[in-house]
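To start, the structure under review is shown below, and the notes come after it.
Every number here is computed from the coordinates shown, using simple stated rules; none is lab data. Keep in mind it's a predicted model, so treat the numbers as computed, not measured. Cβ coordinates were reconstructed from backbone atoms using ideal geometry, including for glycine residues, and neighbour counts include every protein chain displayed.
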Amino acid sequence: MTTRTRIDWNNVVQDVVDMRGEDHTALIPILQDIQRSHGHVPREAQNAIAIALDVSQARVAEVISFYSFLTEEPQGQYIFRLCQTISCEMDGKDEVASALERALGIAFGETSEDGLFSLEYTNCIGMCDQPPAMLVNDDAFGGLTPQSVQDIVADYRRKGEER
């Protein structure tokens with residue numbers, strides 16, 4: 001039987017707050033730090049952040065729900081974010097989206113069972129001159145085609161197997 005280690009979010013958050021400061025303007029950097037280190041910002045962490053910064057829990061949840069790069073739910077090691085702006089829409093986003101779903105074996109909004117991949121749409125990533133475009137974690141890809149998507153997924157699948 002596998003046991004899960006319970007995270008003491010008060011201590012985790014306090015360490016980040018000690019580094020970032022207790023001012024409410026540190027909210028986004030604190031959320032980013034928690035997201036980066038734990039892959040998501042669960043409710044328990046949100047509650048601890050609200051207390052540490054003396055802001056409402058609703059405010060913390062609101063910020064997380066506004067920014068597409070923050071999430072309450074665990075995500076895959078590699079997060080594929082396909083741009084859904086008009087330039088991408090007009091230049092083959094739907095075909096690329098279908099190719100991503102086939103190659104990853106998941107639909108948009110899902111994470112693979114092995115925890116390796118998540119797939120989601122995002123708003124502009126600043127690559128309107130290279131549509132359709134996507135980010136995989138911090139790596140940007142433009143001028144995507146269904147074939148290039150298969151190659152990109154295969155590369156990340158190999159990286160995941162090496163971990």
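General remarks:
- Sparse packing (at most 15 other Cβ atoms within 10 Å of the Cβ) combined with a DSSP loop state is found for the following chymotrypsin sites (Phe, Trp or Tyr not before Pro) in region 42-71: Y67, F69.
- Contour minus Cα-Cα distance for D91 and D151 (0.36 nm per residue): 19.7 nm
- Coordinate range of the alpha-carbon atoms in region 27-163 per principal axis, descending: 49, 35, 20 Å.
- For region 1-96, the set of trypsin sites (Lys or Arg not before Pro) satisfying both a DSSP loop assignment and a count of at most 10 other C-beta atoms within 10 Å is given as R4, R6.
- Per DSSP, loop GluC sites (Glu not before Pro) in region 56-92 with at most 15 further Cβ within 10 Å: E72
- The stretch between I51 and E113 holds 18.9 nm of extra length on full extension. This uses 0.36 nm per residue minus the Cα-Cα distance.
- Helical content of the chain, expressed as a calculated mean residue ellipticity at 222 nm, amounts to -15000 deg cm²/dmol (DSSP H runs of 4 or more residues, -39,500 (n - 2.57) each, divided by residue number, nearest 500).
- Seen against the Cα atoms of the chain and their longest principal axis, helix 146-162 is set at about 50 degrees.
- Label-to-label distance, nm, for residues given as I28 and A140 (7 Å Cα→Cβ offset): 1.8 nm
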